[in-house]
Amino acid sequence: MNPMVTVNIDGQDIRVEPGSNVLEAAERLGVMVPRYCYHPGLSVAGSCRMCAVEIEGMPKLQISCHTRVRDGMKVSTDSEPVVRMRQAMLEFLLVNHPLDCPVCDQSGECDLQNFYMEHGLHESRVFEDKIKRKKAFPIGPHVILDQERCILCTRCVRFCEEVSESHELGFWIGATGRSSTCFQAGSWTTTTRATSSTSVRWGR
């Protein structure tokens with residue numbers, strides 16, 4: 001049996017199993033590290049960069065979902081560089097995100113809203129027009145996709161590849177993939193983070 005390792009997160013020590021990632025260790029301490037692409041039932045993509053933390057001895061911020069703990073590691077989840085990183089990533093995600101909040105199914109229960117209110121810049125620096133993408137179109141008998149709301153977390157794609165193993169969705173350069181058939185719609189639509197996919201019975 002492997003011995004437990006001790007990690008210090010925001011000044012608090014915790015003992016965790018070897019092989020755990022920093023995000024999981026923080027959760028056990030009750031420290032909420034924001035994330036979009038991470039899901040405990042899926043492989044790690046590390047695409048959203050929201051879970052970046054500062055680790056003593058490392059020259060750059062590290063994504064906590066992909067960084068394994070080691071004995072004696074010291075982690076900061078709220079240092080100034082971490083805060084600036086989160087603000088920058090939220091600004092990037094919202095550059096072309098539609099202003100659909102008043103009519104969005106997820107409004108009031110949306111991590112994009114919640115994390116922006118907690119970590120965002122709160123003052124837009126963008127004055128250009130947003131890029132328009134295809135909105136609310138069916139990709140099967142049970143699921144509607146809104147490409148403008150997609151934040152490219154890839155959770156739907158990984159679900160199709162790893163859980164249902166049906167491979168209907170994928171990503172191409174600059175755009176989301178389109179499915180021609182349907183699959184476990186109830187499961188898949190609950191894994192996405194920004195209501196880019198909606199069950200047909202709720203989306204019409």
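Here, each number is a calculation from the coordinates, and none is a lab measurement. None of these values were measured; they are calculated from a predicted model. Backbone-built Cβ (ideal geometry, glycine too); neighbour counts: all protein chains shown.
Per-structure values
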{"quantity": "Cβ-placed point charges (K, R +1; D, E -1), dipole of the stretch 89-139 about Cα centre in debye, nearest 20", "calculated": "380"}
{"quantity": "In range of the label at Asp13: residues from the stretch 53-93 whose backbone nitrogen is under 18 Å from the point 7 Å along Cα→Cβ", "calculated": "56, 69-76"}
{"quantity": "Sum of side-chain charges, Met89 neighbourhood, beta-carbon under 12 Å (Lys, Arg +1; Asp, Glu -1)", "calculated": "+3"}
{"quantity": "Residues whose placed amide H lies under 5 Å from that of Ser20, excluding near-sequence neighbours", "calculated": "Val69"}
{"quantity": "Proximal aspartates and glutamates relative to Lys132, as straight alpha-carbon distance under 17 Å, when same-chain residues fewer than 8 apart are discounted", "calculated": "Asp100, Asp146, Glu148"}
{"quantity": "For the stretch 5-90: rounded, prolate or oblate by the Cα gyration tensor [a/c cutoff 1.5]", "calculated": "oblate"}
{"quantity": "Where labels lie 7 Å past Cα in the beta-carbon direction, separation of Arg125 and Ser43 in nm", "calculated": "3.5"}
{"quantity": "The stretch 1-82 - percent relative contact order, Cα under 8 Å, separation 6 or more", "calculated": "36"}
{"quantity": "Glu162 paired with Lys74, simple spin-label distance in nm, labels 7 Å along Cα-to-beta-carbon", "calculated": "3.3"}
{"quantity": "Rounded to the nearest 20 debye, dipole of the stretch 5-90 from Cβ charges on Lys, Arg, Asp, Glu", "calculated": "280"}
